[in-house]
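What follows draws every value from the coordinates through simple rules; no lab data is involved. All values reported here derive from a predicted model rather than from experimental measurement. Glycine gets a Cβ as well: all are built from the backbone with ideal geometry, and neighbour counts include every protein chain shown.
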Amino acid sequence: MVRMSAVEKHFGDLHVLRTINLEVASGQVVVVLGPSGSGKSTLCRTINRLEPIDSGVIEVDGKVLPAEGRELARLRADVGMVFQSFNLFAHKTILENVALAPIKVRKTPKAEAEKRGMELLERVGIANQRDKYPAQLSGGQQQRAAIARALAMRPKVMLFDEPTSALDPEMVNEVLDVMTGLAKEGMTMLVVTHEMGFARRAAHRVIFMSDGEIVEDSTPDSFFTAPKSDRAKDFLGKILTH
Amino acid sequence: MNVLLDNLDLYGRAFLGTIELFLVAAVGSLVLGAIVAAMRVSPVPILRTFGMLYVNLIRNTPLTLVLFFFAFAYPRLEIVDLSFFTRACIGLILYTAAFVCEVLRSGINTVPVGQAEASRALGFGFNQTLTTIVMPQAVRAVVPPLTNVQIALLKNTTIASGFSVFQAGGIYQELSENGYNVLVGLLWIALGFLILVVPLTLLQRNLDRRWSVAT
């Protein structure tokens with residue numbers, strides 16, 4: 001579904017992505033772990049070209065990622081994205097947030113888009129918040145709305161860029177539950193996160209990044225019980241003992 | 001009081017002229033200002049440069065000069081024959097749009113980058129992102145300075161006297177020709193402008209209150 005080959009990216013002098021080769025099969029749930037600054041968010045953001053790359057090839061559903069323009073917009077419509085800071089449209093109600101892109105981008109009739117929007121809000125458990133503005137919701141509710149907004153486009157793959165990092169601890173689970181549900185239904189997902197519980201529970205595959213490189217690529221079980229590289233051992237040592 | 005009562009018709013016609021000029025120029029400058037602001041934030045370098053040049057050229061030119069250009073120089077170019085009123089409107093629109101553009105651009109800068117990113121990630125193009133996501137939020141943030149620009153425009157309409165467009169700035173000439181006390185006449189004009197500004201101020205208050213709930 002997603003294929004990256006020999007992808008390189010620099011931020012000035014910083015080499016953030018070093019020869020990334022990655023293939024995510026349809027229906028697979030891939031969790032990307034790594035210390036901060038390891039390039040995992042950047043990796044996630046290159047897949048729908050929110051970050052352009054210096055060289056290499058990225059394919060989504062067999063199509064090479066086009067340069068800026070209408071083609072790219074069309075491809076982005078098929079790739080759902082959930083951000084760390086939610087990024088719900090602040091001047092639109094929750095239901096408008098969910099129905100807006102189907103109406104404007106997919107040209108779905110308004111009534112139909114809102115009906116489907118309500119179903120999705122129902123599913124993430126915030127249908128009763130439909131007429132509120134994002135700022136009136138808790139972080140967990142906002143992130144669930146953001147997931148519903150991405151799902152409204154019926155994406156082929158979902159990207160999650162640290163979806164729970166900005167949440168209060170008691171709200172993390174309500175978001176992870178929605179994500180676990182999606183994973184069970186067979187959605188193709190690439191999740192950048194620090195939630196080890198989610199990685200163990202829902203991931204088919206764990207990728208460990210450090211200094212812009214993919215250091216390990218294995219199943220959650222073998223990664224958590226028997227990490228091969230020193231960098232992964234060091235990382236796990238730091239997060240699992242605190 | 002006599003100055004006003006004797007010349008009520010004169011004042012009425014003059015302020016009607018002011019209001020007409022203002023309404024056309026207000027709408028025109030908001031539209032053109034938004035377009036130039038869009039150019040200045042667009043990903044196309046040529047458009048950005050054009051927007052930058054436009055703003056810096058027009059903003060640094062005295063309005064009198066802009067209007068004099070359209071009053072006296074433009075007809076010599078013999079492009080399209082336009083009425084005085086139309087030319088006055090064009091001058092005011094071109095001038096005010098530069099200020100509207102900069103106010104809107106500062107509004108655009110207040111909208112978090114994440115809003116545009118989310119919109120692009122959903123498949124919106126540049127124009128859709130700007131018109132449906134960024135601009136509406138930018139305008140909300142700049143209602144007071146945008147009102148300032150429009151109030152300045154209202155008062156700038158008086159410079160259109162140079163065009164023989166009859167408006168409030170031209171009243172005193174006729175008063176003085178007819179031997180009235182011009183000082184008193186001018187005070188009435190000032191009061192007239194104060195009254196004209198009231199609806200703008202009320203509109204600003206109303207918009208500020210309505211939109212403060214939403215975000």
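Residues A:Ile94, A:Ile126: which one is hydrophobic (A, V, I, L, M, F, W, C), in contact with a Phe, Trp or Tyr (Cβ under 8 Å, 6 or more places away or on another chain) and more than 11 Å from chain B (Cβ to nearest Cβ)?
Values: A:Ile126 fails: in contact with a Phe, Trp or Tyr (Cβ under 8 Å, 6 or more places away or on another chain).
It is A:Ile94.
Residues in the stretch A:204-233 that are surrounded by 12 or more Cβ atoms within 10 Å (Cβ to Cβ), out of contact with any Ser or Thr (no Cβ under 9 Å at 6 or more places or on another chain) and assigned to a helix (DSSP H, G or I): A:Pro220, A:Ser222, A:Phe223, A:Phe224, A:Lys233. Filtering the stretch A:12-67 to residues that are acidic (Asp, Glu) and within 15 Å of the chain's Cα centre (by Cα) leaves only A:Glu51.
Could you list all residues from the stretch B:84-115 that are polar (S, T, N, Q) and either more than 8 Å from chain A (Cβ to nearest Cβ) or buried (at least 24 other Cβ atoms within 10 Å of the Cβ) (or both)?
Within the stretch B:84-115, B:Thr86, B:Thr96, B:Ser106, B:Asn109, B:Thr110 qualify.
For the stretch A:66-91, enumerate the residues that are of a type in the set (Val, Ile, Thr) and more than 8 Å from chain B (Cβ to nearest Cβ). Even if it seems obvious, please write down each step before you answer.
So in the stretch A:66-91, the residues of a type in the set (Val, Ile, Thr) come out as A:79, A:82.
A:Val82, the sole residue that qualifies.
Would you point out which residue out of B:Leu16, B:Leu32, B:Leu82 is aliphatic (A, V, I, L, M) and assigned to a loop (DSSP other than H, G, I, E, B)? Result: B:Leu82 is the single residue among B:Leu16, B:Leu32, B:Leu82 that is aliphatic (A, V, I, L, M) and assigned to a loop (DSSP other than H, G, I, E, B).
Consider the stretch A:47-58. How many of its residues are under 17 Å from A:Met81 (Cβ atoms), of a type outside the set (Val, Ile, Thr) and surrounded by 13 or more Cβ atoms within 10 Å (Cβ to Cβ)? Explain how you work it out, then say what you get.
Applying the first criterion (under 17 Å from A:Met81 (Cβ atoms)) to the stretch A:47-58 yields A:47-53, A:58.
Then drop every residue that is not of a type outside the set (Val, Ile, Thr), which leaves A:48-52.
Narrowing further to those that are surrounded by 13 or more Cβ atoms within 10 Å (Cβ to Cβ): A:48-51.
Going through the stretch A:47-58 one residue at a time, the tally reaches 4.
Selection of the stretch A:182-200 for residues being within 23 Å of A:Asp61 (Cβ to Cβ) and more than 14 Å from chain B (Cβ to nearest Cβ) yields A:Leu182, A:Ala183, A:Lys184, A:Glu185, A:Gly186, A:Met187, A:Thr188, A:Met189, A:Val191, A:Val192.
For the stretch A:141-166, the set of residues classified as within 12 Å of chain B (Cβ to nearest Cβ), part of a helix (DSSP H, G or I) and of a type in the set (Lys, Arg) consists of A:Arg149 only.
The set of residues in the stretch A:123-140 being in a loop (DSSP other than H, G, I, E, B) and farther than 12 Å from A:Thr93 by Cα consists of A:Val124, A:Gly125, A:Ile126, A:Ser138.
Taking the stretch B:116-126 as the range and being within 7 Å of another protein chain (Cβ to nearest Cβ) and under 18 Å from A:Ile103 (Cβ atoms) as the test, the residues that pass are B:Ala118, B:Arg120, B:Ala121, B:Leu122, B:Gly123, B:Phe124, B:Gly125.
It is to be established whether one or more residues within the stretch A:80-87 are more than 16 Å from B:Arg120 (Cβ to Cβ), touching a strand residue (DSSP E or B) at 6+ places or on another chain (Cβ under 7 Å) and in contact (Cβ under 8 Å) with a residue 24 or more places away in the chain. Among the residues of the stretch A:80-87, at least one is more than 16 Å from B:Arg120 (Cβ to Cβ), touching a strand residue (DSSP E or B) at 6+ places or on another chain (Cβ under 7 Å) and in contact (Cβ under 8 Å) with a residue 24 or more places away in the chain, which makes the answer yes.
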